[in-house]
Amino acid sequence: MNVLMPQLGETVAEGTITRWFKAEGDKVAPGDNLFEIETDKTSMEVPSTTTGVISEIRTPVGAVVPVGAIVAVIAGDGAAAPSLAKASAATAAPAPSRPEGLDPFRAVRTPERNYGPARLPSGAVASPLARRLAVENGIDLTGVRASGAHGRILARDVENARTAAAPMPPAAVSADRVKALYEGRPYEEVPLDPMRRTIATRLVEAMQTVPHFHLGADVDFDRLEEIRAGANGGAFTDAEGKPSFRLTVNDFIVKALAVALQRVPDANAVWAGDRIIKFAASDIAVAVAVEGGLITPVVRSAETKSVIAISAELKNLAARDRDRTLDPRETQGGTTTVSNLGMYGVREFTAIINPPQSTILAVGAAGRRPVETPDGGLRFVSRATVTFTCDHRVVDGALGARLLAAFKHAIEHPIALML
Amino acid sequence: MAELTYREAVARGIAQEMARDPDVIFFGEDVAKAGGVFKATVGLYEQFGPKRVRDTPISEQAIMGAAMGAAMTGLKPIAEIMFSDFFAVCFDYIANEFPKGRYMSNGQTKCPLVVRTGNGAGSRFGAQHSQSVENWCMMVPGLKVVAPSTPRDVIGLMAAAVRDPDPVIFFEHKSLYAVKGEVPDGEIVDTLGSAKVVRPGTDATVLALALMVPRALAAAEKLAAAHGIQVEVVDVRSLVPLDMQTILGSVGRTHRLFTVEENPRLCGWGAEIVSIVADEAFYDLDGPPVRITTPHIPLPAADNLEDIALPTVERIAQTIRRALEA
């Protein structure tokens, strides 16, 4: 049985094997950990699903392999199963290995995994073999040119795409040319880890393909701060005097954005190539800085959760990311994202959309700012500048403005978020 | 090495086993003194005598019943049913008695017999004497089913069938009796449940049985010469047991599957194989499997109609080419 690089999330295309728990020749049983992998999102241990002996390890520690690639081979119970590579070296044209004594009149073995739907979002149809080859080679079928009848993508099309595909990330820059510019200056070279490479690829893709525009507004936080202070002051404490929660401004922002999307449901949508997909629930991704990059854990259906629940969930997600027990699925699929740099004193900024999402909210620092009162006087309010970035394919100017107004209203009337 | 016709190979195959094992006996309608209506058993009566080679009354049920009784009491009978269409009048033995006795008696009785029969179309015999009924037998648990396409395979598979401890239905194709082929000297023993790649190729796997094997081969040569298409032709030979290892191996190399079946379309053997391939090798397929069969009709007796009803070399080649180019 071939051990494949598992799919650890829809957008994860490859991973690095960071550790092997077993060596060639070791016996394994279902549930025994085989290896540990690290992707741009997380790291996790991969257990065996079968009983046998590891006849071959194909991917050494440190190697980057695409999802679906064969990383090891587990032979059946027999101890002396030769490795596939050695067997194929001996015979010129090996047939796909089939177990002896196959009896189709008793049972058939269906494939152990699926390779995606025949019909792609673009409407093109891919043959089963084309789909398998695409997954095994880490090729996105949406970009493959079809040569079969009725626009069918065949194996040869995937093969063409594989040989034509440029390796990631877009390498318009050459390290040698860059280093030449700084010749004689001391420097340190930092190789790209999977997370950095994913950030590079996806944000270049977003900036090059998404028609961005920005909508900013000042939002008053006085009432929200009052409620937050009251809530934190009134939190129950445990035996050691530790409060049961401590709400941050960001927790309220997540809730307010979730409520705003419910008020403006047309903006709770993502871009899907040939269509827009609208969602009922407000799934809010929150950009969290971590060592070496950032992750975006998602608070699902945030409109239905209390601020205290949202706060606890975000703390839990962050803690599990530090422990490396975060499932990559928990960091994808949001309908929008919040990026808050207020704690660093940033006054205002614009964020880059995280495709396929169509909006992202950038929140600056709240500070005391003077405003004119209705009678011509002056008073100081706690105010922050927030900026929505919108994908014009999904969210037009007026729709984005309505979302911004709904968000501003929610923050400035926070009691509505509580009740 | 000698050149033999398919019908001569039948007699040689039976003779090989009768000479080897005195328990092997042979009987059927007009098979002894007349040498069979298709002249496939000429000389056996003279060689082995009236005790071991017998003519029977015209009663298929009696022939089958006698064969089963002989098998249960220690002999290894080979019985002939002249036309496979007549299985319908003795099907109780074929479907209920031969294949079930060993199971129902917990091994106390055995049924080591071979039923030879003339199968298939092409000889203007009409709707009741031309059918390909191998699928009637393929669907019965407990039967083994073979259908050779060459003189050499007739001898080898006959030996394997006689030596098998269970009932084997041996389909000879009436339109192949006159076909010649090279046969090595000496004893030939083949194995049940083994398909044969008879022409290697890279672009598609073409499965065929009996009369359809030479037609598939001719179509393959045509496709190679005219269009540069290289198909791999596999002679399935044995439907039960079925050599899926060879078939899946071939599909794994070519990624396309065609079946050429003489049986009417519904429930033909190719349907079963396509279903197994869909289960086991779906992600090896680069296009839909295609079955080339006789339409689901009673076969006409008129020569021009019978000729176009069966898959022809031309139809096989055209269907494969269209499917590969589409």
Wholly within segment A:122-216, helices (runs of 4 or more DSSP H) carrying at least 2 residues that are touching a residue at least 40 places away in the same chain (Cβ under 8 Å) and more than 14 Å from chain B (Cβ to nearest Cβ)
A:194-209
Strands (runs of 3 or more DSSP E) within segment A:32-73 that include 1 or more residues buried (at least 16 other Cβ atoms within 10 Å of the Cβ), on the phi < 0 side of the Ramachandran plot and in contact (Cβ under 8 Å) with a residue 60 or more places away in the chain
A:33-38, A:43-47, A:64-66
Specify the residue that is surrounded by the most Cβ atoms within 10 Å (Cβ to Cβ); the eligible residues are those in segment A:245-273 that are closer than 13 Å to A:C390 by Cβ and of a type outside the set (A, V, I, L, M).
A:N268
Within segment B:286-326, the residues that are farther than 26 Å from A:L154 by Cα, surrounded by fewer than 18 Cβ atoms within 10 Å (Cβ to Cβ) and either among the acidic types (D, E) or within 14 Å of chain A (Cβ to nearest Cβ) (or both) are B:D303, B:D307, B:E314
Taking segment A:13-31 and keeping only residues that are surrounded by fewer than 20 Cβ atoms within 10 Å (Cβ to Cβ) and touching a Phe, Trp or Tyr at 6+ places or on another chain (Cβ under 7 Å), one is left with A:R19, A:W20, A:F21
Under 7 Å by Cβ, and 6 or more places apart or on different chains, what pairs join a residue from segment B:5-24 that is assigned by TED's automatic domain parsing to the domain that holds B:R52 with one that is assigned to a loop (DSSP other than H, G, I, E, B) and buried (at least 22 other Cβ atoms within 10 Å of the Cβ)?
B:R7/B:A40; B:V10/B:A40; B:V10/B:T41; B:A11/B:A40; B:A11/B:T41; B:I14/B:T41
Considering only helices (runs of 4 or more DSSP H) fully contained in segment B:42-143, which possess at least 1 residues that are in contact with a helix residue (DSSP H, G or I) (Cβ under 8 Å, 6 or more places away or on another chain), surrounded by fewer than 19 Cβ atoms within 10 Å (Cβ to Cβ) and at pLDDT 95 or above?
B:44-52, B:60-72
Looking at segment A:275-298, which of the residues that are touching an Asp or Glu at 6+ places or on another chain (Cβ under 8 Å) and at pLDDT 85 or above is surrounded by the fewest Cβ atoms within 10 Å (Cβ to Cβ)?
A:K278
Restricting the search to segment B:136-156, which residues are away from chain A (no Cβ under 14 Å) and not aliphatic (A, V, I, L, M)?
B:W136, B:P148, B:S149, B:T150, B:P151, B:R152, B:D153, B:G156
Go through segment A:365-406 and report how many residues are under 36 Å from the mean Cα position of the chain (by Cα) and in a loop (DSSP other than H, G, I, E, B).
7
Given A:T296, A:T331, which one is in contact (Cβ under 8 Å) with a residue 60 or more places away in the chain, assigned by TED's automatic domain parsing to the domain that holds A:A235 and hydroxyl-bearing (S, T, Y)?
A:T331
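When you go through B:V179, B:V213, B:V162, B:V168 one by one, which is the residue that is outside the structural domain of B:E17 (by TED's automatic domain parsing) and modelled with pLDDT of 95 or more?
B:V213
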Residue identified as more than 30 Å from A:D274 (Cα to Cα) and either modelled with pLDDT under 90 or assigned by TED's automatic domain parsing to the domain that holds A:V395 (or both) among A:G216, A:G234:
A:G234
What are the residues in segment B:262-285 that are in contact (Cβ under 8 Å) with a residue 60 or more places away in the chain and buried (at least 21 other Cβ atoms within 10 Å of the Cβ), if any?
B:E262, B:N263, B:G268, B:W269, B:G270, B:I273
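The values are calculated or read from the model by the stated rules, or taken from the named source; none is laboratory data. The structure displayed is predicted, hence computed values, not measured ones. With ideal geometry, Cβ positions are generated from the backbone for all residues, glycine too; neighbour counts draw on all protein chains shown.
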